[in-house]
Every structure is written in structure tokens, then in C-alpha cells.
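**Q** My structure is below; once you've seen it, I'll send some questions.
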Amino acid sequence: MRLLLVSDLHYRLRQYDWLMLAAGDATIAADAVVIAGDLLDIRSAVPINAQMVAVVAQLRQLGARIPVLAASGNHDLDTRGDDGEKAAQWLAHAPSPGVHVDGESVLLGETLFTICPWWDGPIGRARLADQLAADARREKRQWVWIYHAPPTGSPLAWDGRREFGDEALAEWLPVFEPDVVLTGHIHQAPFVDGGGWSQQVGPTWLFNAGQQPGPVPAHILLDLDQGRAEWRSATERREAVLPAR
């Protein structure tokens, strides 16, 4: 199982186009594409409804070529539900053959992927906790979470000035001990002193590819079978070896 991880595309359509090319690139040889949140950009001049239509089309086109697992981020929330909490309702309309989104638990081979929505309050947090508890009981060889924000205390959550980590994720990691958590949210983390793109917390490996401008997103190639990860940006590459569990 070889994953291509990106996040924080923020409606950069050229970067979505690159994903289409990467899906068929034999040198990348990905088995699935993971987008760890912030598919849209609330600061863009393009109306958010137009962004949704374009990105859903991109996801479906990409999913026709390779499995896509996409979690929402804070830029993706478009609807306030009856419970008063926001959600990325538009993303719920994206699923098609090959496209998996918020709230889904997907088994690819023997690897279980839990796609975690960006929760907006205690109800969403409790709903996600229930999903994690249910997935913990499922049979699997490896367990991967897709969760937009890195945990508190992590270099993956450091932007060079302050930390923007997620307390709930930090609390859940020692309880459930997933094998891998794929994150984003903090664009600068891999590029600044004190930040990073990979971290081991107990038995769990966490990754954040960060964000860069241009047609090619910063990305991580993660080979779950070989236990190797490679981070690629416009200016450098770094590697990490994951010890066997």
C-alpha cells in the first residue's frame, strides 16, 4: 500500500491537475491519494459554491483513476446543521466510485482508513469519538487516520511563531494507537525551524506535507508495506524509516 498525501490545496486547480498526472505516474506508483483537508479556500475571490462544484468534479475525475480519500478542513465548512454545528456538507455529495470522504471508514486491502471530518463542536467531536471506537474493534492489519490538524505539542503543528495543535487528537492517540495519522493544516511546519513533516508519538507515525505555491503541491509518498516515507517540496526531499510494530 503506497499513499500519496497532500493537504491544503485551497482551490489551487493546477495542483488538482497535478494529482491527475501523479495518479498515472509510474515513478510515484501510488495506490491511493489522500487529501487531508482544506480543499477549498474561503479567502478566494471565486465564490465558494463555484469552488465546490469544480472540486467535486476534480475528485470524481481523479477517483475514476485511483482511490481518493478526502477529509474536510476548516476552510471546507459550508453548512450549519440542526445541532448548530458546521460541517462540510458539500463534500458529502462528492462520493462516487473511488471517492471516499468525511465519516467513512474504508478498508483497502488489509488497511483500514478512518476519514475524520473537521468537527465544529462537542456533538461533532463525540460523533467522531464513536467512529474511532467502532473502528478500533474492526479487524485490520494497519489503521490509518486522515485528520486535518496535527496534535498539540507536535512540531507538525508549529508555524514558526506558535503552535496550532488539536487537543482532541492528542487525547485520542494514546487511547486508540493508530499506526499512522495523515494531517495538514499548518502550511509552514515542514519549512521552519522547530517544525517538521514527520513525527513518531508512541507507536503512531504522524505526517504533514505542508503547503507550497506553484503547480506541484508539497507531498509525501508513504509506503506502508516497506515502512518508508519521503517528503518532497520544490526545493528538497527528506526520508524517514518507520520501525515495524
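**Q** When you look at F191, is it more than 21 Å from A234 (Cα to Cα) and surrounded by 15 or more Cβ atoms within 10 Å (Cβ to Cβ), yes or no?
**A** no
**Q** Please find, among A126, A136, the residue that is over 18 Å from the mean Cα position of the chain (by Cα), under 23 Å from D78 (Cα atoms) and either modelled with pLDDT of 95 or more or surrounded by 15 or more Cβ atoms within 10 Å (Cβ to Cβ) (or both).
**A** Answer to the check: A126.
**Q** Exactly one of these conditions fails for K86: (1) at pLDDT below 95; (2) within 17 Å of D102 (Cα to Cα). Give me its number.
**A** Single failed check for K86: (1).
**Q** Let me ask something additional. Under 8 Å between Cβ atoms, at least 6 apart or on separate chains: pull out the pairs that start in the stretch 149-163 with a residue that is over 12 Å from H187 (Cα atoms) and end on any residue that is exposed (fewer than 15 other Cβ atoms within 10 Å of the Cβ) and among the acidic types (D, E).
**A** Sorted first by the residue in the stretch 149-163, then by its partner, the pairs are P151/E167; T152/E167.
**Q** Looking only at the stretch 197-245, how many residues end up being assigned to a loop (DSSP other than H, G, I, E, B), more than 16 Å from the chain's Cα centre (by Cα) and of a type outside the set (A, V, I, L, M)?
**A** Final tally of qualifying residues: 13.
**Q** Only one of these conditions is not met by V144: (1) in contact (Cβ under 8 Å) with a residue 60 or more places away in the chain; (2) not in a strand (DSSP E or B). Which number is it?
**A** Condition (2) is where V144 drops out.
**Q** Taking the stated definitions as given, is W158 modelled with pLDDT of 95 or more, under 16 Å from the mean Cα position of the chain (by Cα), closer than 28 Å to S198 by Cβ and among the aromatic types (F, W, Y)?
**A** No.
**Q** When both residues are 6+ apart or on different chains and their Cβ atoms are under 7 Å apart, which pairs have a first residue that lies in the stretch 205-216 and is farther than 12 Å from I186 by Cβ, and a second that is of a type in the set (K, R)?
**A** From the stretch 205-216, the pairs are P215/R14.
The values are calculated or read from the model by the stated rules, or taken from the named source; none is laboratory data. All figures in this text were calculated on a predicted structure; none of them were measured in a lab. Every residue, glycine among them, receives a Cβ derived from its backbone with ideal geometry; neighbour counts consider all protein chains shown.
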